[in-house]
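Colleague: Below is the structure I would like to discuss, written out as structure tokens.
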Amino acid sequence: MVKLTMDLIARGTSGYTKKKRDESMHQYLRRLTHLYLEDRNIDEVGEDLSLCRNLTVLYLYDNQLLKIPQLHQNQNLTMLYLQNNDIHRIENLAPLSRLNKLYLGGNCITVIEGLDKLGNLQELHLENQRLPPGEKLLFDPRTLRTITSTLQVLNISGNSMDSIRDIEQLRNLYQLNISDNLLNDMKELAHVIGGMMKLWRLDVFGNPLCHKAKYRDRVIVMAKHLEILDGKEITETSRRFLHNWHATRETQKKKREEQLRKGSANEFGDASLMRELPPVHSASKPHKVPGYMMPGMYNVLCAQYKAYHIHVHFILPCLLYMYMYIVCNIIVLWFLGYGTWL
């Protein structure tokens, strides 16, 4: 294992920033802007790095670091390369307010946190974390709120993620790499990237949803300004064709839905009429429907009433006349001497 020393720092400079003869080591370290300390088996960063006050770019990838070193004296850092170490947590970055590019791929990080003080961060690379079985990369809400307005490039590929709903608020992304995960929900993908109006490069390959029918065409329709998908350029001709095709399908779909609604309304109207009619065939005992009269029954009843009315007015006088006639004959016969016979 190797601890970072002043001598190792001096050997980690480029040929353009060699130490001058009349220059002290402290003066030399103070004017350094770039340090190339990658692949040195470094597992500890001492206090000597704090002497590099003007450092803007620090390469510490491919080492054995267990945590992010204290860099509170290196507040001019704009780029920090820490990929392929053994870092488990994002910490000690609060003093680096000018940092705009952070590379942490190939570590053991499970939660994206500790970035709530980095108000100028533009690129965040967290690909291929060595996660415990069954775990996936998670986002801290405070960190997301901080980087929402500034982050332009995000790489979270190869992290066993089955959802990207947490990043839907990152509306200013230009490039997004979510490849080699466990994403299978095309609707969620459309919801998330549909709001990223500045997105021009997207990598999704290596996810289960890539095997769905017309995957590439559907993604191009989702992201209207996309120029590169999975490393392949999207021509303006193909984009225009797919968007026109999608618009035509949506128009036809709306027409069909409108026709179905109208048909349903007519069916409901017919059903309301049918509910007013009595059942024609019923296994149960027939029952009287209150207030219902068969068509034409009114006219039949009126005709019967009129006939009855005529018969009553004609027959009664006839019967009365016959009765009076019989009574009168009986009286006459009585007076003529036939009363005994009667």
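The values are calculated or read from the model by the stated rules, or taken from the named source; none is laboratory data. Just so it is clear, the model here is predicted, and its values are computed rather than measured. Cβ placement follows ideal geometry from the backbone for every residue including glycine, while neighbour counts extend to all protein chains displayed.
Colleague: For a quick check of your reading: which helices (runs of 4 or more DSSP H) sit entirely within the range 123-233 and have at least 2 residues that are surrounded by 15 or more Cβ atoms within 10 Å (Cβ to Cβ) and out of contact with any helix residue (DSSP H, G or I) (no Cβ under 8 Å at 6 or more places or on another chain)? Please lay out each step first, then the result.
Modeller: Working: elements: 141-147, 186-193, 215-222.
Helices (runs of 4 or more DSSP H) meeting the threshold: 141-147.
Colleague: Being touching a helix residue (DSSP H, G or I) at 6+ places or on another chain (Cβ under 9 Å) and assigned to a helix (DSSP H, G or I) is the filter; apply it to the range 11-29 and report the residue that is surrounded by the most Cβ atoms within 10 Å (Cβ to Cβ).
Modeller: Ranking the qualifying residues of the range 11-29, first place goes to 29.
Colleague: Continuing with this model, one more query. Is at least one residue of the range 64-78 in contact (Cβ under 8 Å) with a residue 60 or more places away in the chain and over 23 Å from residue 139 (Cα atoms)?
Modeller: Yes, some residue in the range 64-78 is in contact (Cβ under 8 Å) with a residue 60 or more places away in the chain and over 23 Å from residue 139 (Cα atoms).
Colleague: I would also like to ask the following. Select from the range 55-73 the residues that are at pLDDT below 95 and in contact with a Lys or Arg (Cβ under 8 Å, 6 or more places away or on another chain) and list them in ascending order.
Modeller: Within the range 55-73, 73 is the sole residue that qualifies.
Colleague: Right, here's the next one. Of the residues 265, 223, which is small (Gly, Ala, Ser) and either modelled with pLDDT of 80 or more or closer than 22 Å to residue 170 by Cα (or both)?
Modeller: Working: 265 fails: either modelled with pLDDT of 80 or more or closer than 22 Å to residue 170 by Cα (or both).
Step by step, each of 265, 223 is checked, and only 223 is small (Gly, Ala, Ser) and either modelled with pLDDT of 80 or more or closer than 22 Å to residue 170 by Cα (or both).
Colleague: Condition check: among the hydrophobic types (A, V, I, L, M, F, W, C), at pLDDT below 90, part of a helix (DSSP H, G or I) and assigned by TED's automatic domain parsing to the domain that holds residue 82. Does residue 8 satisfy that?
Modeller: yes
Colleague: Considering only the range 50-67, how many residues are out of contact with any Asp or Glu (no Cβ under 8 Å at 6 or more places or on another chain), surrounded by fewer than 20 Cβ atoms within 10 Å (Cβ to Cβ) and not small (Gly, Ala, Ser)? Write out each step before concluding.
Modeller: Residues of the range 50-67 out of contact with any Asp or Glu (no Cβ under 8 Å at 6 or more places or on another chain): 50-58.
With surrounded by fewer than 20 Cβ atoms within 10 Å (Cβ to Cβ) added as a condition, the list becomes 50-51, 53-54, 56-57.
Narrowing the set further to residues that are not small (Gly, Ala, Ser) leaves 51, 53-54, 56-57.
The qualifying residues number 5.
Colleague: Right, something else. Any idea which of 64, 122 is assigned by TED's automatic domain parsing to the domain that holds residue 14, more than 30 Å from the chain's Cα centre (by Cα) and not β-branched (Val, Ile, Thr)? Spell out how you get there, then give the answer.
Modeller: Values: 122 fails: more than 30 Å from the chain's Cα centre (by Cα).
64 is the lone residue from the list that is assigned by TED's automatic domain parsing to the domain that holds residue 14, more than 30 Å from the chain's Cα centre (by Cα) and not β-branched (Val, Ile, Thr).
Colleague: Also, I was wondering about something else. Output the number of residues of the range 68-111 satisfying the condition of being charged (D, E, K, R) and crowded, with 21+ Cβ neighbours inside 10 Å. Break it down into steps so the answer makes sense when it comes.
Modeller: Kept after step one, since they are charged (D, E, K, R), are these residues of the range 68-111: 86, 89, 91, 98, 101.
Narrowing the set further to residues that are crowded, with 21+ Cβ neighbours inside 10 Å leaves none.
Final tally of qualifying residues: 0.
Colleague: While we're on this one: I need the full set of residues from the range 225-248 which are within 19 Å of residue 194 (Cβ to Cβ) and among the hydrophobic types (A, V, I, L, M, F, W, C), in order please.
Modeller: Residues satisfying the conditions are 226, 228, 229, 234, 242, 245, 247.
Colleague: Just to be sure before I move on: is residue 28 over 32 Å from the mean Cα position of the chain (by Cα), without any contact (Cβ under 8 Å) to a residue 60 or more places away in the chain and within 26 Å of residue 145 (Cβ to Cβ) in the structure I sent?
Modeller: On the way: over 32 Å from the mean Cα position of the chain (by Cα): yes; without any contact (Cβ under 8 Å) to a residue 60 or more places away in the chain: yes; within 26 Å of residue 145 (Cβ to Cβ): no.
No; evaluated as a whole, the condition is false for this residue.
Colleague: Among the candidates 45, 2, which residue alone is surrounded by fewer than 17 Cβ atoms within 10 Å (Cβ to Cβ) and at negative phi? So that I can check it myself, show each step before the final result.
Modeller: Details: 45 fails: surrounded by fewer than 17 Cβ atoms within 10 Å (Cβ to Cβ).
From the options 45, 2, the qualifying one is 2.
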